[in-house]
Amino acid sequence: MSKQWWKESVVYQIYPRSFNDSNGDGIGDLNGITEKLDYLKGLGVDVIWLSPVYDSPNDDNGYDIRDYQAIMDEFGTMEDWERMLSEVHSRGMRLIMDLVVNHSSDEHRWFAESRKSKDNPYRDYYIWRPGKADGSEPNNWESAFSGSAWQYDEQTEEYFLHIFSKKQPDLNWENPVVREEVYSMIRWWLDKGVDGFRMDVINFISKVDGLPDAEPQEGKKYASGSKYFANGPRIHEFLHEMNQKAMKEYGAMTVAEMPSVTPELAQKYTDEDREEVDMVFQFEHVDLDSGPGGKWDLRPLKLRDLKENLTKWQKALEHKGWNSLYMNNHDQPRMVSRFGNDGEYRVKSAKMLATMLHMMKGTPYIYQGEEIGMTNVRFDSIEEYEDIETLNMYREKREAGVPHEDIMKAIYVKGRDNARTPVQWNTTENAGFSTGIPWLKVNPNYKEINAEAAVADPNSVYHYYRRLIELRHNNEIVVYGGYDLIQPEDETFFAYERRYEGESLLVICNFTGENAIFHVPDGYKNKAGQLFISNMEQDQSLSFGNELHFTPYEARVYRVKH
Ligand code: NOJ
């Protein structure tokens, strides 16, 4: 397996709207990010991934791009961006940008042209189809944000495809001119000095010919068409072409967001010999607590399922390809609320979860606020929510007669705004995020949970992340060691080992709020273990006996010579 800088890195994701507002308009901005670069450098992260900062009407908070080569007014200017980049680089960090090219905004000039007439030169930049004989949508695909994935346009009496909102029309990747436009835009940013890209739903860009109807879902008018657009027939060809024509010459880092990706496919996408992408964001582990009705259909997570799933991914990409490691981002609820305990054991369980993830093989991603143990939020009224996915779902379910309280229950657990409340910097008004009125309300727990307090407290979640990152930087075993799960059936502990050059790391995480006994595996009995990291005070070394006693959410990692 080759050694690469991005395999040895830790990435920090910034969702700019909610990160830090420097000019008091209630919206995070680029100068706000620049102000906080020392904080990120102090944490030790190597790469910053910036969610979209391009000009956008903000139907989906910047994931609907009006101009790929301009900065959103609310976020600042191109000069602000350039200054930010140079400040990132002068601190020895790197910057990757979001690349959102499955779709653009309907306000992009390409789409404005495209919708004008059927023979407009831009018509085939997008996916237009006539309705069925009865005038209904060309197929039954459901939009990821509720309703049909097709929007009728009166001007030319045809429908256009939008897998996301109707203000996010899908680009037509079958058109070679579209592909060249995208590659030249990528090169333009790389020439400006960016170090790579996170590619938004990039495995949706190749659609199955004929756009067939999806298998109908009981009781629903529309159904998921993902079988016909996720990992489609030309996807490997398109990704390879993008690599060759845009990324390769710059050595750009690429991480591809891929709903519905399997480990087998991921191995292909990230196989270095195939030159497609460096790593993918998979979704299987964040779908384990959803029922057959999708993300809002809540069901309890079984630890065994999580272990089985993450292990499957560790093993599938062990010799070929590379994993990304994440437990939350701007689309997922807060990690500590979802997988840990955000009450009594908030700090301890946040550290335990970080241990589980950061000791694995792959490139870890930290989502803003995760490093201080930020939690989910509960707003009383739907009016206080901003996310289009949440609001569309709420409207659709209310129309279908689902009671308000039931919908809110699901929003509290899964809604994307959980992750989008402003970063909590200190105890001043609006958590120090803004002197204006924040675009989304601050989580009221900021007096207790904030970065200033975390930096000042040596036992905070922040300093624990700092140590985890340092351990990765200083120990090749964390980056390149093999992985094996221990005691797969156990419902209390997530335990695994990493092996490298005659040594191992034994990682043991108690996922429960109870005291518990860990049975030491045979290969470790009577061996000496050096403490690598733990979220509790421990002896620095021990000789393994038959068992180890753990307190709730305790995590320990030992280094052992074999
Ligand atoms: C995935 C992004 O992470 C999400 O925030 C966005 O809504 C969709 N792709 C559409 O761009």
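The values are calculated or read from the model by the stated rules, or taken from the named source; none is laboratory data. Remember, predicted model here, so these are calculated numbers, not experimental data. Cβ sites come from the backbone with ideal geometry, for glycine too, and all protein chains shown count toward neighbours.
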Using the structure shown, decide if G513 is in contact (Cβ under 8 Å) with a residue 24 or more places away in the chain, over 20 Å from K348 (Cβ atoms) and among the small types (G, A, S). no
Using the structure shown, decide if V255 is part of a loop (DSSP other than H, G, I, E, B) and within 16 Å of the ligand (Cβ to nearest atom). no
The one condition G523 fails out of (1) assigned to a loop (DSSP other than H, G, I, E, B); (2) surrounded by fewer than 16 Cβ atoms within 10 Å (Cβ to Cβ) is (1)
Matching residues in region 41-53 (farther than 19 Å from S324 by Cβ and either in contact with a Ser or Thr (Cβ under 8 Å, 6 or more places away or on another chain) or surrounded by 21 or more Cβ atoms within 10 Å (Cβ to Cβ) (or both)) number 1
Filter region 374-415 for residues that are away from the ligand (no atom under 16 Å from the Cβ) and of a type in the set (D, E); the one that is farthest from H330 (Cα to Cα) is E399
Scanning region 308-344 residue by residue, those buried (at least 20 other Cβ atoms within 10 Å of the Cβ), small (G, A, S) and away from the ligand (no atom under 16 Å from the Cβ) turn out to be G321, S337, G340
Would you check if L506 is touching a strand residue (DSSP E or B) at 6+ places or on another chain (Cβ under 9 Å) and either surrounded by fewer than 23 Cβ atoms within 10 Å (Cβ to Cβ) or of a type in the set (V, I, T) (or both)? no
Candidate set from region 163-195 (those that are away from the ligand (no atom under 13 Å from the Cβ) and small (G, A, S)); member that is surrounded by the fewest Cβ atoms within 10 Å (Cβ to Cβ): S184
Unique match (being surrounded by fewer than 17 Cβ atoms within 10 Å (Cβ to Cβ) and either in contact with a helix residue (DSSP H, G or I) (Cβ under 6 Å, 6 or more places away or on another chain) or in contact (Cβ under 8 Å) with a residue 24 or more places away in the chain (or both)) among K295, K302: K302
Checked Y39, Y68 against criteria (more than 20 Å from the chain's Cα centre (by Cα), more than 16 Å from the ligand (Cβ to nearest atom), at pLDDT 95 or above and of a type in the set (S, T, Y)); the one match is Y39
Every pair of residues 6+ apart whose Cβ atoms lie under 7 Å, when the first sits in region 475-501 and is more than 13 Å from K315 (Cα to Cα) and in contact (Cβ under 8 Å) with a residue 12 or more places away in the chain while the second is of a type in the set (S, T, N, Q) and part of a loop (DSSP other than H, G, I, E, B): T492/T512; F493/Q487; A495/Q487
When you go through I27, I96 one by one, which is the residue that is in contact (Cβ under 8 Å) with a residue 12 or more places away in the chain, over 21 Å from Y462 (Cα atoms), of a type in the set (A, V, I, L, M) and touching a Gly at 6+ places or on another chain (Cβ under 6 Å)? I96
